[in-house]
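Let me begin by presenting the structure, written as structure tokens, before commenting on it.
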Amino acid sequence: MRIVICGPAHPYRGGIAAYNERLAQQFLREGDAAAIYTFKLQYPSFLFPGKTQYDDGYAPEGVTITRAINSVNPVNWFTIGMRLRRTRPDLIILRYWLPFLAPALGFIARLVRSNGRTRIVTIFDNVVPHEKHFLDRFLTRFFIKSVHGALVMTKAVENDLRQFTATMPCVISPHPLFDNYSEPVSRAEAIVHLKLCPAYRYILFFGFIREYKGLDLLLKAMADPEMRQPDVRLLVAGEFYEDEKPYFDLIHKLDLGNRINLHSHFISDEEVRYYFSAASLVVQPYRSATQSGVTQVAYQFNKPMVVTDVGGLPEIVPDGVCGYVVTPEAGAIAKAINDFFSGDEERFRAGIEEQKKSYSWDRLTEALRTLARDMQRGRGRQ
């Protein structure tokens, strides 16, 4: 097939960009002609909560990436929509995670599908955003009506989609492993590289920091009486996407200063392996979730997890098999961490190895092909 993926990619950073690049590489390996249309303006700078939207690393090998889409310029939407309409790709894959992008992507999709040939599929990271706005449902409904079919990564997201459409063809295909990071290193090498103390065992909180990610719950768990492991330290690796002061105030209030290593900057792809290789356990104390790319990085590095029973996380991390599923409360998180370091460190190895087999990139491409074939036969026409 001739395939165009529309969404973040180099020079933009983050998990969605990495996913799109890896998906394009997989299509190319399987003999398709795949390219990416990314943004020339993704967010106006005043709307972006981090320090920069850009990655100073190298572009992925072999993938054609065109910086084309301006998220706030309707003239650009028309230009790009007409360009793609004329080139008539077999399949366009749109990434949707934020209603802010609905006008641009929805307008482009409407123009392209008018050629009567191109099928348009959306990979929904979120249908309902974590942080709500009164326009969310209106914008999401506008976008959904512009596409032929959907791929979601968890049942929880499919349930959200069905609030808007009962008939759209939809397949579930879990987030594949992030195998585009470098190979693991030894714990000793990772500890030295990150300048950590080898006398301690580390739990890892990874990814950007916002209220729904629940870092404050994990901080409280570190001070909870259930945490009876004096040699366990918390390694936080990620950039603040909101005011950092409440977190520092909480660390001070709970007297956790000497029990936390805080690396509050964006972690480049080259550095990811050191954080996961240094950690014994990955903790995702989220208050809300759909799925998380962090779980797939943890699987890639064979790390057990503690996740909360929100959204699609329990679907991805079977309780007692690959880690622990707990309520989003400090006491429950602390108990799971304590249980792990009290004797469960080897318990999950076999479960992780088996679960990883479900998260391959060829399963994702096959799900997309099946959906495209079904829509081509007319079942996906709206």
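Coordinate-derived values only; no laboratory data. Bear in mind the structure is a predicted one, so any value in this text is a computation, not a measurement. Here Cβ is always computed from backbone atoms with ideal geometry, including for glycine, and neighbour counts include all displayed protein chains.
Listed values, structure above:
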{"quantity": "Length-normalised contact order for the chain - Cα pairs under 8 Å, 6+ apart - percent", "calculated": "15"}
{"quantity": "Positive dipole terminus of the stretch 246-382, leading residue within T365, Q291, V326 (C-beta point charges)", "calculated": "T365"}
{"quantity": "Hits among lysines - C-alpha to C-alpha of K132 under 18 Å, sequence gap 8 or more where chains match", "calculated": "K213"}
{"quantity": "Relative contact order of the stretch 187-356, pairs being alpha-carbon contacts under 8 Å that are 6 or more residues apart, as %", "calculated": "25"}
{"quantity": "Potential extension, T87-N159 segment - 0.36 nm per residue separation minus Cα distance", "calculated": "22.5 nm"}
{"quantity": "Nitroxide proxy distance, nm - points 7 Å out along Cα→Cβ at Y54 and F248", "calculated": "2.8"}
{"quantity": "Selection from S45, G14, M1 lying farthest towards where the dipole of the stretch 1-51 points positive, charges on Cβ", "calculated": "S45"}
{"quantity": "Antiparallel DSSP beta bridges within the chain, percent to nearest 5", "calculated": "0"}
{"quantity": "Out-of-range pairs (alpha-carbon distance over 31 Å; input K195/K253; K155/K335; K195/K220; K51/K155; K40/K245; K51/K220)", "calculated": "K51/K155; K40/K245"}
{"quantity": "Computed helical MRE - 222 nm, the chain, DSSP H runs ≥ 4 contributing -39500 (n - 2.57), nearest 500", "calculated": "-10500 deg cm²/dmol"}
